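A.B. asks: Questions regarding the structure given below will be posed in turn.
The values are calculated or read from the model by the stated rules, or taken from the named source; none is laboratory data. Just so you know, these numbers come straight off a predicted model, no measurement behind them. Cβ placement follows ideal geometry from the backbone for every residue including glycine, while neighbour counts extend to all protein chains displayed. These accessible areas exclude ligands, DNA and RNA; they are computed on the full protein's heavy atoms, side chains included. Shrake-Rupley method; radii C 1.70, N 1.55, O 1.52, S 1.80 Å.
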Amino acid sequence: MRVYVPLTLSGLAEAHKTGELGPGPLTAYAVTPGLREWYVSDDIEELEYAALNRAAAASLRLLAGDPDAARRRVVVAIDVRDQDAVADPDRVLVASALGEVRVGPAVPLAKAAAVHVDGDDAVSDVSAAADALGAADQGDDDAQFTVDGADDHELLWYGVQEIPNLIR
């Protein structure tokens, strides 16, 4: 199963240093039955894209909680055994948890299929979105508009061998 792990650049640097994403359990996003039902699509590429976007939103939350982190959303795509990625049955129908899974053990970074990171052009919008996230969560429509602005930027695809250049 392909899962998408939200990180920050400093989290990616730590994973590169230790050689693994962990310790477990990791919160990740995947094509779950709840996500399939919510998205109403059988196209696996569309569903994978939706899971990637859920992880990007979770990465934004990590940035909001770490004011010192570089203002770029980071998502690592990894392949794990199906039984290693489990959705919480109590949160399956919670909108904010759609596609969310827990990956029990730490995962070797060598299992990563790709890394997705915001480009330079996204930094100011992602920074503003991270700053506005708390107000958006409280129902502020203007803040939500700012948060949604980060979604206007597609995450760029990088091969795992490019991680050293990303974390400089």
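A.B. asks: If only one of Leu7, Leu63, Leu47 is in contact with a Ser or Thr (Cβ under 9 Å, 6 or more places away or on another chain) and without any contact (Cβ under 8 Å) to a residue 24 or more places away in the chain, which one is it? Working first, answer last.
C.D. replies: Values: Leu7 fails: without any contact (Cβ under 8 Å) to a residue 24 or more places away in the chain; Leu63 fails: without any contact (Cβ under 8 Å) to a residue 24 or more places away in the chain.
One residue alone meets the criteria, Leu47.
A.B. asks: Which of the residues spanning the stretch 135-161 are part of a helix (DSSP H, G or I) and surrounded by 13 or more Cβ atoms within 10 Å (Cβ to Cβ)? Working first, answer last.
C.D. replies: First, the residues of the stretch 135-161 that are part of a helix (DSSP H, G or I): 135-137, 141-150, 160-161.
Residues satisfying the conditions are Ala135, Ala136, Asp137, Ala143, Gln144, Thr146, Val147, Asp148, Gly149, Ala150, Val160.
A.B. asks: Under the condition of being of a type in the set (Ser, Thr, Tyr) and modelled with pLDDT under 90, which residue from the stretch 30-79 is farthest from Ala136 (Cα to Cα)? Show your work before the answer.
C.D. replies: First pass over the stretch 30-79, keeping only residues of a type in the set (Ser, Thr, Tyr): 32, 39, 41, 49, 59.
Now narrow it down to the ones that are modelled with pLDDT under 90: 32, 39, 41.
Details: Thr32: 26, Tyr39: 23, Ser41: 28 Å.
Only one residue fits best here, namely Ser41.
A.B. asks: Can you tell me which of Ala122, Ala129 is part of a helix (DSSP H, G or I), within 21 Å of Ser96 (Cβ to Cβ) and open to solvent by less than 70 Å² (accessible area, probe 1.4 Å)? Walk me through it before giving the result.
C.D. replies: Details: Ala122 fails: within 21 Å of Ser96 (Cβ to Cβ).
Ala129 is the lone residue from the list that is part of a helix (DSSP H, G or I), within 21 Å of Ser96 (Cβ to Cβ) and open to solvent by less than 70 Å² (accessible area, probe 1.4 Å).
A.B. asks: State which residue pairs qualify: first residue over 24 Å from Ile78 (Cα atoms) and inside the stretch 116-128, second residue part of a helix (DSSP H, G or I) and open to solvent by 10 Å² or more (accessible area, probe 1.4 Å) in any location, beta carbons under 9 Å apart, and separation of 6 or more residues or different chains.
C.D. replies: Listed by first residue and then by second, the contacts come to Asp125/Thr146; Asp125/Gly149; Ala128/Thr146; Ala128/Val147; Ala128/Gly149.
A.B. asks: Might you let me know whether the stretch 96-116 holds any residue that is under 17 Å from Leu12 (Cα atoms), modelled with pLDDT of 95 or more, among the β-branched types (Val, Ile, Thr) and crowded, with 17+ Cβ neighbours inside 10 Å?
C.D. replies: Yes; the residues of the stretch 96-116 include at least one that is under 17 Å from Leu12 (Cα atoms), modelled with pLDDT of 95 or more, among the β-branched types (Val, Ile, Thr) and crowded, with 17+ Cβ neighbours inside 10 Å.
A.B. asks: Another question, if that's okay. Would the stretch 52-75 turn up any residue that is open to solvent by less than 20 Å² (accessible area, probe 1.4 Å), assigned to a loop (DSSP other than H, G, I, E, B) and farther than 26 Å from Asp125 by Cβ?
C.D. replies: no
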